[in-house]
Amino acid sequence: MRPILLQGHERSITQIKYNREGDLLFSVAKDTVVNVWYSVNGERLGTYNGHTGAVWCVDVDWDTKNVLTGSADNTCRLWDCQTGKQLAQLKTNSAVRTCGFDFSGNIIMFSTDKQMGYQCFLSFFDLRDPQQIEDNQPYISVPCNESKITSTVWGPLGEFVIAGHENGEINQFSAKSGDVLKKVKEHTKQINDIQTAVDLTMVITASKDNTAKLFDSMTLDHIKTFKTERPVNSAAISPIMDHVVMGGGQEAMEVTTTSTRIGKFEARFFHAAYEEEFGRVKGHFGPINCVAFHPDGKSYSSGGEDGYVRIHYFDPQYFEFEFEG
């Protein structure tokens, strides 16, 4: 399983995202650059230039027409995927931590950080109404007083957003009214990442409490738990196998306190039904900040604190592997 190494960032990777076909991979990092790559060979297609702070999140709509990014420069920006032109810039009072298109590509949501006296907001814009963009007026803005949002993902049919919070809570926010539809608290610490299954029926959460958990998207019923010894920064569900991949390590500030010799920074594969670990992939020189499966399930990518994105194509043995429960 030879990785393809993507070198296009000077600082740690914050998020990676495939488009729906999987031919493109988008990567953002703390160095203001938004890169897009061909996933088949790791060639860089281009960059989206304009942000002046760390870029925390990226998303691409279903037909790969537009790209959305959120940054610590207090803006959420919309780009033309093909030309790299900036189409819109939404100014906020604090850093934009998470962002996403709904399935139609018409509605965008993003959440802002609680900082400098401003509280955390979850905002919804309808791109079909240019007035909202021009006036910078979301059609819904939901304040989150208790605990700030640290990760978000759109639920099925674009009816609600599933948000993970700093205190370990998961909430469903209605995209129509902004109301909290459901609330669960299975994690004890911050949720670092939420990703959906390919059919949107399930979500996987990655948390600082050293676990990743599977939930039903509609009911938020807790289905499975995958335990590790370290904080989990990101987790993804395979589109074709009953597998999940998890990436983690320590907090960036604690990296110097442990020896680099032992494999702290492997991507770990778990069987989704048996909750058992069955494989690890070495590679990054530092914690893994984000993982993503290719939509065809034949490869996965990981982005690390070391500033590299690695694309791993699975060997044939991976697909023949039978789990001995």
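The values are calculated or read from the model by the stated rules, or taken from the named source; none is laboratory data. In this text the structure is predicted, and so the values were computed from the model without any measurement. For neighbour counting, all protein chains shown are included, and Cβ atoms are generated from backbone atoms with ideal geometry for every residue, glycine included. Accessible surface areas use protein heavy atoms only, side chains included; no ligands, DNA or RNA. Shrake-Rupley method; radii C 1.70, N 1.55, O 1.52, S 1.80 Å.
Quick notes on this structure:
- Candidates P138, P130, P239, ranked by Gaussian network fluctuation over the chain, Cα under 10 Å, top entry: P130
- GNM result for the chain, Cα springs below 10 Å: residue of M241, M116, M218 fluctuating most strongly: M116
- Given charges at beta-carbon only (K, R positive; D, E negative), |dipole| of the range 124-219 in Debye: 320
- Rounded to whole Å, the principal axis extents of the Cα atoms in the range 168-317 read 49, 38, 27, largest first.
- Take every Cα pair under 8 Å whose residues are at least 6 apart in sequence, average their separation, divide by the length of the range 33-124, and the relative contact order is 20 percent.
- Dipole moment magnitude, nearest 20 debye, the chain about Cα centre, only Lys, Arg, Asp, Glu C-beta charged: 720
- Computed from phi, the 3J(HN,Hα) profile of the range 48-59 under the Karplus parametrisation 6.51, -1.76, 1.60 (θ = phi - 60°) reads 10, 9, x, 5, 10, x, 3, 9, 8, 8, 8, 8 Hz, with x in place of Gly and Pro.
- Label zone of N145 (point 7 Å out along Cα→Cβ, amide N under 19 Å): in the range 100-122 this covers 112-122.
- Contact order, relative form, for the range 125-192: 24 percent (alpha carbon pairs under 8 Å, 6 or more residues apart, mean separation divided by residue count).
- Separation of the S174 and A273 label points, Cα + 7 Å toward Cβ, nm: 3.8
- Computed FRET value (nearest 0.05) for T188 with F323, which takes r as the C-beta separation and R₀ as 45 Å: 0.95
- Using C-alpha pairs below 8 Å separated by at least 6 residues, the relative contact order for the chain is 13 percent.
- Pairwise Cα separations in the range 1-85 fall into 5 Å bins from 0 onward with the following percentages, short to long: 3, 16, 28, 27, 17, 6, 2, 0.
- In the context of the full set of protein chains, the chain has a per residue accessible area of 44 Å² (1.4 Å probe).
- Accessible-area composition of the chain, carbon plus sulfur, in percent [1.4 Å probe]: 48
- FRET efficiency for I240 and D135, using Cβ-Cβ distance with R0 set to 35 Å, rounded to 0.05: 0.20
- For the range 24-79, size of Cβ-based charge dipole, Lys and Arg +1, Asp and Glu -1, in debye: 80
- Amide H contacts under 5 Å for S151: G164, restricted to partners 5 or more places along the chain or on a different chain, H placed in the peptide plane at 1.01 Å from N.
- Residues listed by number, the range 53-77, amide nitrogen under 17 Å from Q115 label point at 7 Å toward C-beta: 53-58, 69-77
- The trypsin sites (Lys or Arg not before Pro) of the range 70-133 that DSSP puts in a loop, and whose beta carbon has at most 15 other beta carbons within 10 Å, are K85, R128.
- When the chain is described by a simple charge dipole with +1 on each Lys and Arg Cβ and -1 on each Asp and Glu Cβ, the residue from H271, I223, C120 located farthest towards its positive end is C120.
- Taking label points 7 Å from Cα along the Cα-to-Cβ direction, W62 and E10 give a separation of 3.9 nm.
- Going through (1) 66, 43, 33; (2) 68, 43, 40; (3) 56, 41, 39, the figure that equals Cα extents along the principal axes in Å as computed for the structure here is (3).
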